[in-house]
Amino acid sequence: MNEKHQKDLEMIRSIMERSSRFISLSGWSGIMAGVIALVAAYAGLYFIKESGGDYFGNQLIPYSSDLITRLVITLLLTLLLAVFFGVYFTIQKSKKNKQKLWNSLSRRLLFSLLVPLLAGGIFCFALYKQHHFGMVAPVMLIFYGLGLMNASKYTLNDVEYLGYCELVLGLAALFLPGFGLVFWAAGFGLLHIIYGIVMQKKYH
């Protein structure tokens, strides 16, 4: 009898979790996003060195419109590829969990994530227009971390932990603007890969 009650409780807990949290996030999305970010960071470093700079900082990177254009295009391609794979793997996980991909819960999750990201994007654009390039990477990490923390109430707790890590990296990067690209690679690359591996092992 106790075993039956235990199974009933687990079923109730599962139903409540499905109704209150979006649980179809895939670890493979994080892994792919991390790999893409590391490739993008390497490309960014190559472009910077090709332009005569050594680091991604206000004083150490020579300004040129061609370099900035390359970096912006690289960031946009990174974002598009990460979103593509994120959506693809989330669709697969949703089918496996028999959970609708687009419902009121996923809409709230997306809205909670996008508000800080849009604010951060506008902030980064303002920094770009004023040639404060060394601040872009830290600001991206900070607002991304805040976005994850804000959205975590609608999904798995692991997302909140990732958000804290991104936020801490971004704040640390503020004091080392010459190494912004290194922090960016660590936050969007390595942390995503670690997060993805953990997600795969826990929620496979």
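Bear in mind that the values in this text are calculations on the coordinates, not laboratory data. Quantities reported herein were computed from a predicted structural model and do not represent experimental measurements. Cβ placement follows ideal geometry from the backbone for every residue including glycine, while neighbour counts extend to all protein chains displayed.
General remarks:
- Treating each Cα of the stretch 151-204 as an identical point scatterer and summing with the Debye formula, the log10 of I(q)/I(0) at q = 0.13 Å⁻¹ comes to -0.36.
- A simple count of charges around Val115, restricted to other residues whose Cβ falls under 15 Å of its Cβ and scoring Lys, Arg +1 and Asp, Glu -1, yields +3.
- Between the stretch 104-148 and the stretch 86-102, the alpha-carbon center distance in angstrom: 25 Å
- For the stretch 26-38, the Karplus equation 6.51 cos²θ - 1.76 cosθ + 1.60, evaluated at θ = phi - 60°, returns couplings of 9, x, 5, 4, x, 5, 5, 4, x, 4, 4, 5, 5 Hz by residue, with Gly and Pro reported as x.
- Taking the C-alpha atoms of the stretch 84-204, convex hull volume expressed per residue in Å³: 99 Å³
- Working note: Debye formula, equal point scatterers on the alpha-carbon atoms of the stretch 92-131, no solvent; log10 I(q)/I(0) at q = 0.14, 0.18 Å⁻¹ is -0.50, -0.62.
- Relative exposure of Ile91, Ile48, judged by other C-beta atoms within 10 Å (fewest first): Ile91, Ile48
- Electrostatic tally near Leu101: other residues with Cβ closer than 10 Å to its Cβ, Lys and Arg +1, Asp and Glu -1, net +3.
- Neighbourhood net charge (14 Å Cβ-Cβ; Lys/Arg +1, Asp/Glu -1) for His192: -2
- Applying 1/(1 + (r/R0)^6) with R0 = 35 Å to the Cβ-Cβ distance of Phe175 and Val115 gives a FRET efficiency near 0.85.
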